[in-house]
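The values are calculated or read from the model by the stated rules, or taken from the named source; none is laboratory data. Here the structure is a predicted model, which means the values were calculated and not measured. Note that we place each Cβ from the backbone using ideal geometry, even for glycine, and neighbour counts take in every protein chain shown. Note: areas computed on protein heavy atoms with side chains; ligands, DNA, RNA excluded. Shrake-Rupley method; radii C 1.70, N 1.55, O 1.52, S 1.80 Å.
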Amino acid sequence: MLILQDRLTRLTLAPEIGGSLAGWQALDSGRPLLRPASADDLASGSPRRLACYPLVPWSNRIDRGGFANPDGWLALAPNSPGEPLPIHGSAWQQPWRVLEQGAQHARLALDSASPFPYRAEQRIDLDEGRLDLALEVQHLGSAPAWYGLGLHPYLPRTPATRLQALASGVWHEDGRRLPERFIDLPAEWNFREPRALPQATVDHAFDGWDGRCRILQADAGHALECRAEGAGLFLLYTPKGRDFFCFEPVSHPVNAHHLPGRPGLRLLAPGQRLRLGWSMHYRAVPGGR
């Protein structure tokens, strides 16, 4: 466990659990800014019970038992209990090592042989309540391969939680949680202005995103002003009846490896890199506005 702290916030990292963040909280109130992990959550060893984890070398689910790379078919098996399809790549299921650590900065790295050779790094910085995450991957295989990136933050949810984020449309998912069609943005999912999260479960990728969002926690008296680079979509997950939701900056829609044109994916030649940046700025909100 590593702890970074600035004047306003404290961040806890669990590098050996998939390069994950375990918690982020405001110092003045003790309020969680990301979903906090309990001792049992940490003992489980599962990033899916922590605060945020990296998605490398792709985000979300892949159908058809794999996908085609230029050097042939890459077969993939389901990699998470209860999931019938492979999900979220491989970086989240491997221990990362610490390359650098300071009071407000850390750099983590992973050298992976699966599903093809790559090196991933995360740079994590705190500065006056702003958390900056920079995720980069370098392809180390001898033949080109398809890549995508993402981050998977879990955020506290109460009846007072409001979300603001601009999008133009949605990759609407079917019963297997794979995109069946692209649709115009429904009115009930239009977050152009701050609005409450849907009561029903939503688990879709929103496209045409400008990389900005605002998460207002009025009852806790703070907001997160967020900005992404290298992510043209966000995935919104609002499980019904739970005290958290996920707002995931990603480079591509779900199952992009099998969508026409492979939207958002990058074919990396040996030695080439791909980067995604994500910034969350904690701000106190007087009067909850």
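Stick to Cα atoms and the Kirkwood definition of Rh, then tell me Rg/Rh for the chain.
On the way: Rg = 18.2 Å, Rh = 19.2 Å.
Ratio of gyration radius to Kirkwood radius for the chain: 0.95.
Extension gain Arg119-Ser29, at 0.36 nm per residue separation less the Cα-Cα distance, in nm?
Details: separation 90, 0.36 × 90 = 32.40 nm, distance 3.81 nm.
My answer for the length gained is 28.6 nm.
With r defined as the distance between the Cβ atoms of Ser38 and Arg64 and R0 fixed at 41 Å, what FRET efficiency is calculated, to the nearest 0.05? Let's see the in-between values first.
On the way: r = 37 Å, r/R0 = 0.91.
Efficiency, rounded to the nearest 0.05: 0.65.
Relative contact order for the range 86-198: what is it in percent, counting Cα pairs under 8 Å that are at least 6 residues apart? Working shown, then result.
Details: 154 pairs, mean separation 16.5, N = 113.
Result for the range 86-198 is 15 percent.
Are there trypsin sites (Lys or Arg not before Pro) in the range 1-57 that DSSP marks as loop and that have at most 16 other Cβ atoms within 10 Å, and which are they? Please report the intermediate quantities before stating the final value.
On the way: sites: Arg7, Arg10, Arg48, Arg49; in loops: Arg7.
Within the range 1-57, the qualifying trypsin sites (Lys or Arg not before Pro) (loop, at most 16 other Cβ atoms within 10 Å) are Arg7.
Using protein chains only and a probe of 1.4 angstrom, how many square angstrom of Trp189 are accessible, to the nearest 10?
Rounded to the nearest 10, the figure is 40 Å².
Relative contact order of the chain, please, whole-number percent, based on alpha carbon pairs below 8 angstrom and at least 6 residues apart. Working shown, then result.
On the way: 797 pairs, mean separation 52.2, N = 289.
Relative CO of the chain lands at 18 percent.
I'd like to compare 243-249, 162-168, 15-21: which one has the highest average count of other Cβ atoms within 10 Å, and what's the full order after that?
15-21, 243-249, 162-168
First measure r as the distance between the Cβ atoms of Leu140 and Arg275, then evaluate 1/(1 + (r/R0)^6) with R0 = 22 Å and state the FRET efficiency to the nearest 0.05. Write out the running numbers ahead of the final one.
Working: r = 16 Å, r/R0 = 0.72.
So, using R0 = 22 Å, E works out to roughly 0.90.
Taking all protein chains as present, what is the carbon and sulfur share of the accessible area of the chain, in % to the nearest whole number, probe 1.4 Å? Present the calculation step by step, with values, prior to reporting the outcome.
Numbers: 5860 of 12050 Å².
Taking all protein chains in place, the chain shows 49 percent carbon and sulfur surface.
How much accessible area per residue does the range 40-139 have, in Å², with a 1.4 Å probe?
For the range 40-139, the solvent-accessible area averages 39 Å² per residue.
For the range 142-287, what is the accessible area per residue in Å², given a 1.4 Å probe and the full set of protein chains?
Numbers: 6140 Å² over 146 residues.
Value for the range 142-287: 42 Å² per residue.
Let's test the formula: R0 of 30 Å, r as the Cβ-Cβ distance of Arg214 and Arg48. What FRET efficiency results, to the nearest 0.05?
Computed FRET efficiency for Arg214 and Arg48: 0.75.
Does the range 238-289 come out rounded, prolate or oblate by the C-alpha gyration tensor, with a ≥ b ≥ c the root eigenvalues, rounded set by a/c under 1.5 and, if not, prolate when a/b is larger than b/c and oblate if not? Each step should come with its number before you reach the end.
Values: a/c = 3.82, a/b = 1.79, b/c = 2.13.
Cα axes put the range 238-289 in the oblate bin.
Among Pro57, Pro186, Pro86, which one shows the biggest mean-square fluctuation in a GNM of the chain, springs joining Cα atoms closer than 10 Å?
Maximum among the listed residues: Pro186.
Given axes a ≥ b ≥ c from the Cα gyration tensor, I'd like to know whether the range 43-188 is rounded (a/c under 1.5), prolate (a/b larger than b/c) or oblate. Walk me through the intermediate numbers first.
Details: a/c = 1.70, a/b = 1.01, b/c = 1.68.
Oblate.
Could you tell me the relative contact order of the range 188-235? Use alpha-carbon pairs under 8 Å, at least six residues apart, and round to a whole percent. Walk me through the intermediate numbers first.
On the way: 46 pairs, mean separation 18.1, N = 48.
With pairs under 8 Å counted, the relative contact order is 38 percent.
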